[in-house]
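Notes to accompany the following structure.
The values are calculated or read from the model by the stated rules, or taken from the named source; none is laboratory data. Predicted, not measured: the structure shown is a model, and the values here were computed from it. All Cβ positions, glycine included, derive from the backbone under ideal geometry; neighbour counts span all protein chains shown. Please note that ligands, DNA and RNA were not included when accessible areas were found on the heavy atoms of the full protein model with its side chains. Shrake-Rupley method; radii C 1.70, N 1.55, O 1.52, S 1.80 Å.
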Amino acid sequence: MKEATTKSINQLLNIKESYQASDKLMSILFDKKEREELFKNFLDQSWDITQDWFHIYFQDEHADRKMKKQDFTPSSISEIIVKMLGSENDNGTRLDVAAGTGGITIQKWFDDRKSVPFFDYRPSQFIYQCEELSDRALPFLLFNLSIRGMNAVVLHGDALTREFKQVYFIQNDIDDYLCFSSINVFPHNKMVERSFDVKKWIDEPVDYIESPVFDWMKGAV
C-alpha cells in the first residue's frame, strides 16, 4: 500500500500547488461521477480507510494555526478518546464539534463497525454529526465521510453562535457498506433550523440533493 503524501494527493486532485486543493476538491464533490472516480483512484493508492489520509496534508499545508489555532488531534489521541467512549452498539448520534477533516469521527466509525458482526453491519445503524468552521477543512471532511459510505450530518459554521453557511447530509442510499455515500445540502428552512439549532444562516442556500429519498425536503418549511 502506498502512503498518501502531499505530492500524491496533489496529483490525484490534478493541481500544481496545495493551496488549490480545497476549492478543487469542493468542485469535484458536487459532480457525482467525477467524485466517485476520484474515490476509486484514492483507494487504488491507499486502501486503509481506518486513517484520515488528509491529517498531515491539511495540517502542514492548510491549517490556520495563527488565527484559528488549528492543530489537529493526533491519531493516537483519537484512538484513546474513542476507547474512553466505549464501543456499545447503540443508535445514538455521534457528535464531533470542530471536526476538522474528520479524524476522530473516522476512528469512532471504525470502532462502531467493529462492534457489529461483519456481515450484519449496515451504515444506517450509526449516524455522525460533525460541525466545522473552516472553509478549507470542509471539502476534506465531506470527502472522508462520503468515501467511507457513512451516514452523517455536517454543519458548516460556528458551533458556539450556531450561525451556519450550510447543513449537509451524507447518505448511503442503499445501506451497503461497500458503496459510497451521496452528498445532499439541506434547504434553509424552519425544519432544519429546529432540528440542528441553527440560529442564523450566513450564506445563500445551495439547491443540491442527490438522494431520491430527500426530494421531499425541497418543499419542507
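Identify all residues within segment 24-34 that are free of Cβ contacts under 8 Å to residues at least 12 places away in the same chain and either of a type in the set (D, E, K, R) or more than 22 Å from L145 (Cβ to Cβ) (or both); write none if there are none. Passing the criteria: K24, D31, K33, E34. Residues in segment 161-181 that are closer than 20 Å to T105 by Cα, hydroxyl-bearing (S, T, Y) and surrounded by fewer than 22 Cβ atoms within 10 Å (Cβ to Cβ): Y177 only.
Quick grid of which residues meet (1) modelled with pLDDT under 90; (2) of a type in the set (A, V, I, L, M, F, W, C); (3) surrounded by fewer than 19 Cβ atoms within 10 Å (Cβ to Cβ); (4) not in a strand (DSSP E or B):
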| position | (1), (2), (3), (4) |
| --- | --- |
| S76 | yes, no, yes, yes |
| G100 | no, no, no, yes |
| I104 | no, yes, no, yes |
| W109 | no, yes, no, yes |
| F143 | no, yes, no, yes |
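Is segment 187-208 home to any residue that is under 18 Å from K32 (Cβ atoms), surrounded by 19 or more Cβ atoms within 10 Å (Cβ to Cβ) and in contact with a helix residue (DSSP H, G or I) (Cβ under 9 Å, 6 or more places away or on another chain)? No, every residue in segment 187-208 fails to be under 18 Å from K32 (Cβ atoms), surrounded by 19 or more Cβ atoms within 10 Å (Cβ to Cβ) and in contact with a helix residue (DSSP H, G or I) (Cβ under 9 Å, 6 or more places away or on another chain).
Condition check ((1) modelled with pLDDT under 95; (2) open to solvent by less than 30 Å² (accessible area, probe 1.4 Å)) across all residues:
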{"site": "S124", "(1), (2)": "yes, no"}
{"site": "E132", "(1), (2)": "no, yes"}
{"site": "S146", "(1), (2)": "no, yes"}
{"site": "D158", "(1), (2)": "no, no"}
{"site": "P212", "(1), (2)": "yes, no"}
{"site": "D215", "(1), (2)": "yes, no"}
